[in-house]
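*Asks:* What follows is a structure written as structure tokens; I'll ask about it next.
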Amino acid sequence: MPDHIYGSKVAQIHSAAFTQLARGAAVAVNKALDFVNKQNALIFECGVGDGTTAANLVRAGHRVIGVDQSPDMIDLARKRVPNAEFIEATCYKFDIPKVEVVLAVGEVLCYRNSGHNHPDCVYEFFAKVYKALEPGGIFIFDIVTLDRIPNPNPMQTFAQHGEVAMAVETTGNIENRSLRRDVTVFEGDGESYHKVNESHELYLFDKDEVISELKKLGFSCTTTLRYADFDLFPGLVAIWARKPEQGESQVQTNLVP
Ligand SMILES: C[S@@+](CC[C@H](N)C(=O)[O-])C[C@H]1O[C@@H](n2cnc3c(N)ncnc32)[C@H](O)[C@@H]1O
């Protein structure tokens with residue numbers, strides 16, 4: 001299983017061109033916290049990337065502790081949001097502090113690259129999140145499903161930002177429930193090009209199974225196909241899970257204003 005993901009060049013191009021979802025998620029979470037009248041919330045964010053979501057949450061008066069397995073992403077996040085706390089770590093091995101919100105937006109829980117055993121590692125992580133959340137706390141994340149397999153399969157895409165260009169070949173495999181992205185980043189210095197390759201392996205979840213695992217723990221759940229005005233890519237689903245208040249039964253509450 002490939003291990004090194006979101007090295008400096010891929011982190012840089014993600015930060016420059018692919019943070020629309022992260023911005024939408026921050027707007028949606030801020031709205032949800034306003035809706036339940038929660039100020040100065042303590043938020044644990046997994047897979048913070050370049051800190052785009054964290055920056056917007058901190059600007060709205062919340063506090064963020066974030067982890068990312070990529071040291072390059074952590075560097076970007078620290079520069080973007082000096083008044084949040086960022087730690088280089090894999091979320092499955094991190095002791096989550098007592099918080100009011102847990103976030104993992106942008107397919108974070110789907111990456112298999114660190115050799116984790118999906119989906120079990122994620123279901124074990126759900127239990128840790130449930131334990132760490134304060135009563136009434138919320139857990140917002142998104143997952144990729146089999147519908148994310150491209151048509152045609154494989155599919156090639158290309159993006160450019162200044163002197164940095166990125167080509168991605170995406171291949172899905174229904175039997176293994178996996179999506180592989182072979183990423184090549186080219187950077188020119190006017191005379192020559194440097195090339196960096198990464199392979200990202202994602203697990204394609206079964207949405208109903210995910211919701212059933214969350215409900216077994218006591219969460220109530222809602223799903224959306226957007227974060228605020230950002231429509232999620234086909235095959236991506238956002239899940240909003242809420243831990244009941246003390247003495248409250250597992251009632252369905254609308255978290256998404
Ligand atoms: C697609 S990026 C999303 C980044 C950011 N949340 C956003 O939406 O822009 C996925 C991020 O998850 C991180 N990641 C993947 N698996 C992780 C894990 N097990 N623990 C911590 N971070 C992880 C990657 O390093 C990468 O920064």
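*Asks:* Only residues that are within 22 Å of N113 (Cβ to Cβ) and not in a strand (DSSP E or B): list them for the range 148-192, please.
*Replies:* Scanning the range 148-192 gives R148, I149, P150, N153, P154, I174, E175, N176, R177.
*Asks:* Can I ask one more? Take the range 176-201 and flag every residue that is touching a strand residue (DSSP E or B) at 6+ places or on another chain (Cβ under 9 Å) and at positive phi.
*Replies:* R177
*Asks:* Test I239 against the criterion of being buried (at least 16 other Cβ atoms within 10 Å of the Cβ) and assigned to a helix (DSSP H, G or I), and give yes or no.
*Replies:* Working: buried (at least 16 other Cβ atoms within 10 Å of the Cβ): yes; assigned to a helix (DSSP H, G or I): no.
No: the conditions fail for I239.
*Asks:* Being crowded, with 22+ Cβ neighbours inside 10 Å and either over 19 Å from K98 (Cβ atoms) or near the ligand (Cβ under 7 Å from one of its atoms) (or both) narrows it down to one of A22, A54, A16, A60, so name that one. Can you show your working first?
*Replies:* On the way: A54 fails: either over 19 Å from K98 (Cβ atoms) or near the ligand (Cβ under 7 Å from one of its atoms) (or both); A16 fails: crowded, with 22+ Cβ neighbours inside 10 Å; A60 fails: crowded, with 22+ Cβ neighbours inside 10 Å.
Checking each option against the conditions leaves just A22.
*Asks:* Has the range 131-142 got any residue that is of a type in the set (A, V, I, L, M), within 9 Å of the ligand (Cβ to nearest atom) and at pLDDT 95 or above? Even if it seems obvious, please write down each step before you answer.
*Replies:* Initial filter on the range 131-142 (of a type in the set (A, V, I, L, M)): 132-133, 138, 140.
Still in the list and also within 9 Å of the ligand (Cβ to nearest atom): none.
Checked the range 131-142: no residue is of a type in the set (A, V, I, L, M), within 9 Å of the ligand (Cβ to nearest atom) and at pLDDT 95 or above.
*Asks:* Spot the failing condition for K98; the list is (1) buried (at least 19 other Cβ atoms within 10 Å of the Cβ); (2) over 17 Å from S8 (Cα atoms), and only one is missed.
*Replies:* (1)
*Asks:* Would you confirm whether any residue within the range 116-130 is at pLDDT below 95, buried (at least 19 other Cβ atoms within 10 Å of the Cβ) and not basic (K, R)?
*Replies:* So far as the range 116-130 goes, yes, one or more of its residues are at pLDDT below 95, buried (at least 19 other Cβ atoms within 10 Å of the Cβ) and not basic (K, R).
*Asks:* When the range 192-208 is examined, which residues are found to be within 30 Å of E163 (Cα to Cα), among the charged types (D, E, K, R) and modelled with pLDDT of 95 or more? Reasoning before the result, please.
*Replies:* Here is the first cut: in the range 192-208, the residues within 30 Å of E163 (Cα to Cα) are 192-202.
Cutting the leftovers down to among the charged types (D, E, K, R) gives us 195, 198, 201.
Selection gives E198, E201.
*Asks:* Also, I was wondering about something else. Could you list, in sequence order, all residues of the range 90-104 that are more than 8 Å from the ligand (Cβ to nearest atom), closer than 15 Å to F141 by Cβ and either in contact with a Gly (Cβ under 8 Å, 6 or more places away or on another chain) or not assigned by TED's automatic domain parsing to the domain that holds G47 (or both)?
*Replies:* V99, V101, V102
*Asks:* Oh, and also: Cβ-Cβ below 6 Å, separation at least six or inter-chain, first residue in the range 108-121 and within 9 Å of the ligand (Cβ to nearest atom), second among the acidic types (D, E): which pairs?
*Replies:* Note: pairs meeting the criteria are R112/E201; N113/D3; N113/E201.
*Asks:* Also, quick follow-up: Of V27, V36, which residue is within 17 Å of the chain's Cα centre (by Cα), more than 8 Å from the ligand (Cβ to nearest atom) and surrounded by fewer than 23 Cβ atoms within 10 Å (Cβ to Cβ)?
*Replies:* V27
The values are calculated or read from the model by the stated rules, or taken from the named source; none is laboratory data. This one's a predicted model, so the numbers in the text were calculated from it and none came from an experiment. Note that each Cβ is placed from the backbone with ideal geometry, even for glycine, and that neighbours are counted across all protein chains shown.
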